[in-house]
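Worksheet: the structure to be examined is printed underneath.
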Amino acid sequence: MTDDGWRYRGRGLLSHTGRANYRQLGLQIKEPLEADPDLLFNPSLSVRAMYAFFFPTPEQNKLAPYFHGETANWKEARSVVAGRGAMSSGAEQIAINAKKFYSCFQINDDAGSSKSPVSKQ
């Protein structure tokens, strides 16, 4: 019996779990996460792993189906991390918190419209 469950327990900003996930993320960010899972306690590596999770290739954005123009489905976007079956009563509160967090990155101009600091204007 191995201690994989404990060794590859949730770490990082998204609480990544499982040997296969550590291996895949490690390959994507070019770090030995499978050999040294505690590397995800490093904030810089944790951010890189989170980004690699959401954008595994330059062509793929796992969040795109939930955000179109002015439409944002924060509650359903949670399924990217938690899976469809994991939508719980706490999902609504998580969606509320995500909207509040995102609002911290909005820039308001004099006309009162909101712009993303990362959008190409």
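The values are calculated or read from the model by the stated rules, or taken from the named source; none is laboratory data. Being a predicted model, the structure only gives us computed values, none of them experimental. Cβ: placed from backbone, ideal geometry, glycine included. Neighbour counts: every protein chain shown.
Identify the residue in region 16-38 that is of a type in the set (A, V, I, L, M) and touching a residue at least 12 places away in the same chain (Cβ under 8 Å) and, among all such residues, is nearest to residue 2 (Cα to Cα). Taking the candidates together, the pick is 33.
Scanning region 12-24 for residues that are modelled with pLDDT under 95 and touching a helix residue (DSSP H, G or I) at 6+ places or on another chain (Cβ under 7 Å), we see that the one that is nearest to residue 81 (Cα to Cα) is 14. Report yes if some residue within region 63-73 is surrounded by 15 or more Cβ atoms within 10 Å (Cβ to Cβ), within 20 Å of residue 102 (Cβ to Cβ) and among the polar types (S, T, N, Q); otherwise report no. No, region 63-73 contains no residue that is surrounded by 15 or more Cβ atoms within 10 Å (Cβ to Cβ), within 20 Å of residue 102 (Cβ to Cβ) and among the polar types (S, T, N, Q). Scanning region 68-83 for residues that are free of Cβ contacts under 8 Å to residues at least 12 places away in the same chain and either assigned to a helix (DSSP H, G or I) or not assigned by TED's automatic domain parsing to the domain that holds residue 99 (or both), we see that the one that is farthest from the chain's Cα centre (by Cα) is 76.
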